[in-house]
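The block underneath contains the structure these notes are about, expressed in structure tokens.
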Amino acid sequence: MCLVKKISFLLAALVPVLSACTGGFDANKQLEYCDKQIKRALNELQAQDGTFDYTQEPRNILATDTQKGWNTRPATAEEWCSGFWPGILWMDYSITGDEQVRKAAEGYTESLAYLADQPCYDHDLGFLMFCSFGKGYEVTGNPRYKEIILRSADTLATLFNHTVGTILSWPRECEPNNWPHNTIMDNMINLDMLFWAAENGGDPKLYDIAVSHARTTMENHFRPDGSCYHVAVYDTLDGHFIKGVTHQGYSDDSMWARGQAWAIYGYTMVYRYTGDQTFLDFAQKVTDIYIQRLRQTSDDLIPYWDFDDPSDNVSKDASAACVVADALLELSKFISGPKSDEYFNFAVESLKQLSTNQYQSRGRNVAFLMHSTGHHPAGSEIDASIIYADYYYLEALMRLSMIQD
């Protein structure tokens, strides 16, 4: 399977020119597997009359499910994962040129359009709109998609608190938790849409907001060793940092795997847009503690859901491994020498392990991967197939395929 010659605006700048060996791992072969799984999923999602309910977006397949198809959730602002499935479809279409996939991508993407102009529910608007309309614009150049992204960026920016210097993550959690202003590590990923909008005809102030958020988060959201809190709580009167806590991790002092993955991906992306050496150095710092702790705790390169969970039977989180592999393929090109090779080889080996029978579903369900963990403290999506794991797995495979072709 060959990638289309038109390299996307999101991925073109990310292709490292590296001589490191990929150890016989064939990304294109895994992309073919993903395409087959997508076709199986579309068949499961299709009604008997051949139509799709585009207002229901795939979210997960639980370990306890007897069915092989996706459990879906309504395409609303409250469902933060709704942008990943249309993004997967757009990526697959860019590879295969399959018009059935394109039609589905258009339908699932369009179901989210109304969110661009609604009052912002929370920070996840970036996940929702840039993973869907961003990927769609990347492939099609549809000017309407661009306008929706720009309006979405303006809407997301309404959550920025100038006193604190970050975007408010969860307005709904302020009062019940006594968190005057809360910012979660996941929010780093939403900066991508702000940076892109500022570069593509949007308000230039969006760039300043994104940089402020990244700097303030870098200064307050991390422990000295580079591991991160899930949530940083700030005072709204003078903006000072109050405390770091967890919401989805094992404890306030633990290293939640997916949170650290968001940090690695986030600061790599921030350096891409800013070229600021401070962010490049910090991306390496948060990566190095992840790799160090992973080698101390895991039997492979797929982390347990939290590096500090002392339980005997701890669940893995393939989604964190996907995010990290995706990020390190990019980060490795920004640096040189042994560390560049280390990051690149780590990413390839991670993808290689994710592509084994242990982690790929291979007919057991329609997802690409199994063994991700969503919200462990809430008992939600433990040892499950989750849509964002598939999204970052596919994006990482596409990056690697461009290197190998």
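Quick look at the values:
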item	result
Cα gyration tensor shape for the chain, rounded if a/c is under 1.5, else prolate or oblate	rounded
Part-to-part distance (alpha-carbon centres) for the stretch 100-151 and the stretch 293-320, which is given in Å	34
Calculated from backbone phi, Karplus (6.51, -1.76, 1.60) coupling profile of the stretch 281-291 in Hz, x at Gly/Pro	4, 6, 4, 5, 5, 6, 6, 5, 5, 4, 5
Candidates LEU294, LEU369, LEU191, ranked by Gaussian network fluctuation over the chain, Cα under 10 Å, top entry	LEU294
Amide H within-cut-off set for PHE160, under 5 Å, with H built and near neighbours excluded	LEU168
Three-way shape call for the stretch 53-153 based on the alpha-carbon gyration tensor, with the a/c threshold at 1.5	oblate
Rel. contact order, % - alpha carbon contacts under 8 angstrom, at least six apart, the stretch 53-153	27
Sum of side-chain charges, ARG215 neighbourhood, beta-carbon under 15 Å (Lys, Arg +1; Asp, Glu -1)	-3
Around GLN67: net Lys/Arg minus Asp/Glu count, Cβ-Cβ under 14 Å	+2
Distance violations [Cα-Cα > 32 Å] among LYS39/LYS205; LYS135/LYS243; LYS243/LYS333; LYS39/LYS146; LYS146/LYS339	LYS39/LYS205; LYS135/LYS243; LYS243/LYS333; LYS146/LYS339
J(HN,Hα) series, the stretch 150-159, from Karplus relation 6.51 cos²θ - 1.76 cosθ + 1.60, nearest Hz, glycine and proline x	5, 5, 5, 5, 4, 5, 4, 5, 5, 8
Relative contact order, percent, the stretch 106-148 [alpha-carbon distance under 8 Å, six or more residues apart]	38
For GLY239, residues with placed amide H under 5 Å, excluding near neighbours	none
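Only the coordinates and a few stated rules stand behind these numbers; no lab work does. It should be emphasised that the depicted structure is a prediction, and the values quoted were computed from it without experimental measurement. In this analysis, Cβ positions are derived from the backbone assuming ideal geometry, glycine residues included, and neighbour counts consider all displayed protein chains.
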